[in-house]
Amino acid sequence: MTLSPLSEAELQKLVSQAQDGDTDAFGRIYDHFFTPVYRYAAFRLPKEMAEDTTADIFVKAWEKLHTYKSQRHIPFGAWLFRIARHTVIDTYRTHRGFEEVPETIVDNDVFNRTESRLERKDTLRIVRQALEGLPRRYREVLLLTYVSELPYNEVARILHLSEGGVRILKMRALRKLEALLPPEMGLEP
């Protein structure tokens, strides 16, 4: 099911309705943000934990919805991703014994050939290892911009930076990531 993107005005209206107890409005918010929030959690945690953590994120958002104030000029998405970020960090801290990124990612797409799947799996493992070598803030900016596909203004609010600061941090992170990747995998401009 493909949903049409919500404008910030439509989103603010749904948030206001949800703050008044309208569960259908919160359901539309959930549908709108589920995929990027899940991607963010899934990239940081094992799949089985990512599903539970995503559910926890939305439960916390529902419970804390009354604290969101649109007058502060913080987009709802940025507010939600702050909750997501802190929930993932809390989950990671409470389960320190697991590897942050599993190497056993299964691609269930029957249209993929085995060779292609193995090559992508190997590439993903190499990129994840390189990401692990980055400082935490570099890793965060890359995950939020590439994996969760958030715009610069929302990433800026999540990380408490200016948009220019996010762009600079992302540029530095990409340079550092390129240095950590094997030469044959260098980032292209």
Matching option when the condition is part of a helix (DSSP H, G or I), at pLDDT 85 or above, closer than 24 Å to residue 147 by Cβ and not assigned by TED's automatic domain parsing to the domain that holds residue 143, among 18, 55: 55
Selection count, the stretch 117-158, where residues are surrounded by fewer than 19 Cβ atoms within 10 Å (Cβ to Cβ) and either touching a Phe, Trp or Tyr at 6+ places or on another chain (Cβ under 8 Å) or farther than 17 Å from residue 43 by Cα (or both): 7
Residue list for the stretch 139-189, filter: out of contact with any Gly (no Cβ under 8 Å at 6 or more places or on another chain), farther than 19 Å from residue 76 by Cβ, touching a residue at least 24 places away in the same chain (Cβ under 8 Å) and not charged (D, E, K, R): 141, 142, 143, 147, 169, 173, 174, 177, 181, 182, 185
So residue 162, is it at negative phi and modelled with pLDDT under 90: no
Single match in 77, 27 (criterion: touching a residue at least 60 places away in the same chain (Cβ under 8 Å) and in a helix (DSSP H, G or I)): 77
Filtered residues of the stretch 149-168 (kept if more than 16 Å from residue 81 (Cβ to Cβ) and assigned to a helix (DSSP H, G or I)): 164, 165, 167, 168
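The values are calculated or read from the model by the stated rules, or taken from the named source; none is laboratory data. Note that the structure is predicted; figures quoted are calculated from it, not measured. Positions of Cβ are generated from backbone atoms using ideal geometry, with glycine treated the same way; all protein chains shown enter the neighbour counts.
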